[in-house]
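S.K.: I have a structure I would like to understand better, so I am pasting it below and will then ask my questions one at a time.
Values in this text are rule-based calculations from the coordinates and carry no lab data. Not measured: the values here are computed from a predicted model. Positions of Cβ are backbone-derived with ideal geometry, glycine not excepted, and every protein chain shown enters the neighbour counts.
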Amino acid sequence: MNERVSVIIPTYKRPVEYLARSIDSVRSQSYENIEIIVIDDSPDSFESRPDIKKYIESLPAGTVRYLQNPTNIGGSLSRNRGMDQATGDFITFLDDDDEYLPGKVERQVKYMQDHDA
């Protein structure tokens, strides 16, 4: 299992606690070849943005690619922007208020490999 998995997390006005929980659930996966891309669609005036940036900067370098949309483009276009940035063989999405259960990515990759997906 060497395929790279891109996890795209679009976010909009989500407090850092929720977004951090989402990111941490991806970082704790047993599958290691994962890139995390956060697409922030919040306005520049969003009060939690500095906290989000501080959290992401506290992670090891290269852990999360954080991109801010210049203007609000909505969830669908934010996902598309994430797909444009993704380098993975597989792409998956995670909402900013949700989390992955342990082993999720590894099981999904194995299933896709076993079924020629």
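S.K.: Among the residues of segment 34-43, is there at least one that is within 27 Å of D89 (Cα to Cα) and in a helix (DSSP H, G or I)?
M.R.: No, every residue in segment 34-43 fails to be within 27 Å of D89 (Cα to Cα) and in a helix (DSSP H, G or I).
S.K.: Sticking with this one: Looking only at residues that are of a type outside the set (K, R), closer than 13 Å to Y100 by Cα and assigned to a helix (DSSP H, G or I) in segment 11-29, which one is farthest from the chain's Cα centre (by Cα)?
M.R.: Y18
S.K.: Select from segment 51-81 the residues that are of a type in the set (S, T, Y) and in a loop (DSSP other than H, G, I, E, B) and write down the one among them that is nearest to the chain's Cα centre (by Cα).
M.R.: It comes out as T63.
S.K.: Sticking with this structure for a sec: If a residue has to be in contact (Cβ under 8 Å) with a residue 60 or more places away in the chain and on the phi > 0 side of the Ramachandran plot to count, how many in segment 68-117 make the cut?
M.R.: 1
S.K.: In addition: Residues in segment 3-52 that are surrounded by 15 or more Cβ atoms within 10 Å (Cβ to Cβ) and either on the phi > 0 side of the Ramachandran plot or hydrophobic (A, V, I, L, M, F, W, C) (or both): how many?
M.R.: 16
S.K.: Restricted to segment 62-117, and to residues that are among the small types (G, A, S) and closer than 16 Å to E3 by Cα, which residue is surrounded by the most Cβ atoms within 10 Å (Cβ to Cβ)? Reasoning before the result, please.
M.R.: Taking segment 62-117 first, the residues among the small types (G, A, S) are 62, 74-76, 78, 82, 86, 88, 103, 117.
Retained after the next criterion (residues that are closer than 16 Å to E3 by Cα): 86, 88, 103, 117.
Values: A86: 19, G88: 17, G103: 13, A117: 9.
That would be A86.
S.K.: Restricting to segment 98-117, name every residue that is within 24 Å of Y12 (Cβ to Cβ) and either of a type in the set (F, W, Y) or touching a Pro at 6+ places or on another chain (Cβ under 9 Å) (or both).
M.R.: Selection gives Y100 alone.
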